[in-house]
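The values are calculated or read from the model by the stated rules, or taken from the named source; none is laboratory data. Predicted model, so just to flag it, every value in this text is computed and none were measured. Cβ placement follows ideal geometry from the backbone for every residue including glycine, while neighbour counts extend to all protein chains displayed.
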Amino acid sequence: MIPLCSPKDARRPTALALGSFDGLHAGHRDVIRHAIEADSGIPTVVSFWPHPREVLYGEPRLRLDLPSEKLTLLEPLGIEQLVLVPFNRELACVSAEDFVEQVLVEALEAKRVAVGRNFRFGRNREGDAAMLHTLGTAKGIDVIVVDIVEDIEGRMSSSRIRAALESGDLETARKLLDRPYRFQGRVVRGRGLGRELGWPTANLQVDGRKFLPALGVYAAWAELDGQDERMAAVMNLGPQPTIDPTSPSAVEVHLLDRSFQLDNRQLRVEPVVRLRGQKKFESLDALSEQIGHDAEAARQHLAIDAQATAG
């Protein structure tokens, strides 16, 4: 796996793509391709962490891809390192000119830099792509400004992917990402109520910075850490309105027709279809019966998905 490192630990000189690249959609991949196509230095992606708006305005910014998840996505694109520039209030006060000098020239020895046309940087977002081109060229950097990629619905953007996930539209999210949407978490011990109902579940502890889809019940694929086998599953994302209406939102995964010891293991989940929203049932028996219907619907949807993937 490619390394995740700070600027001081990066291999140099670099040919880099600069931006957030959350979701790594077609527009992001185009910027990356332009950055590394000339073989000017170590193929690198450079991003800020945490997101500037978290530091400046206290706005939580949930990510489609956490840094560790990006590593496996960037490697097939030809990237050899992911560099995270620590964003703090000190960096927020650095001018556009000083950013180019201190980060791109001195820290990363950039020989080639590619950015999207809407890229902004420097104190109060004073720098844009045109300024970066001017400043970088003066420092001997080959700066490439890449046009925004569009499809029939408009420009490719992370916000479109988030909107699809927020509505439970996994198919649209998959098309925009050009890959399935996934997340993972460590299996932690729950109250065991699912097992009492005949539907034992793995309760996932998911990183709180990860963007999750709409609340509801999903047909999903699940993979255990260290294994390549996809297992059919039904997933509930949200609180437990029938059992405990005051419970916090949780991720519960029931493996269909499989039984494993899962405590403390990492489980990766790929939701495929949102089957329904959450509902409060009149009794636990009614809830158990509905889970049975959900499980059968999940089997049908996942069989279709498996055929489509194989084809």
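Considering the range 109-137 alone, what residues qualify as being surrounded by fewer than 17 Cβ atoms within 10 Å (Cβ to Cβ) and closer than 21 Å to residue 42 by Cα?
109, 137
Residues that are touching a strand residue (DSSP E or B) at 6+ places or on another chain (Cβ under 9 Å), in a strand (DSSP E or B), under 24 Å from residue 212 (Cα atoms) and among the charged types (D, E, K, R): does the range 286-305 have at least one?
Checked the range 286-305: no residue is touching a strand residue (DSSP E or B) at 6+ places or on another chain (Cβ under 9 Å), in a strand (DSSP E or B), under 24 Å from residue 212 (Cα atoms) and among the charged types (D, E, K, R).
Grab the helices (runs of 4 or more DSSP H) fully contained in the range 123-194, keeping just those with 2 or more residues being under 30 Å from residue 12 (Cβ atoms) and of a type outside the set (Lys, Arg).
By residue number, 129-138.
Do you know which of the residues in the range 46-65 that are aliphatic (A, V, I, L, M) and either farther than 19 Å from residue 211 by Cβ or modelled with pLDDT under 95 (or both) is surrounded by the fewest Cβ atoms within 10 Å (Cβ to Cβ)?
56
From 53, 11, 29, which residue is within 21 Å of residue 120 (Cα to Cα) and either of a type in the set (S, T, N, Q) or in contact (Cβ under 8 Å) with a residue 12 or more places away in the chain (or both)?
29 is the lone residue from the list that is within 21 Å of residue 120 (Cα to Cα) and either of a type in the set (S, T, N, Q) or in contact (Cβ under 8 Å) with a residue 12 or more places away in the chain (or both).
Could you check the range 96-108 and list, in sequence order, the residues that are surrounded by fewer than 16 Cβ atoms within 10 Å (Cβ to Cβ) and either of a type outside the set (Asp, Glu) or closer than 18 Å to residue 41 by Cα (or both)?
Within the range 96-108, 101, 102, 106 qualify.
If a residue has to be surrounded by fewer than 18 Cβ atoms within 10 Å (Cβ to Cβ) and of a type in the set (Val, Ile, Thr) to count, how many in the range 146-171 make the cut?
So the answer is 3.
For the range 188-195, check the following and say yes or no: at least one residue is in the same structural domain as residue 59 (by TED's automatic domain parsing) and not aliphatic (A, V, I, L, M).
no
What are the pairs, 6+ residues apart or on separate chains, where a residue within the range 270-289 that is farther than 18 Å from residue 239 by Cβ has its Cβ under 7 Å from a residue that is assigned to a helix (DSSP H, G or I)?
272/170; 272/301; 272/302; 272/305; 273/170; 273/301
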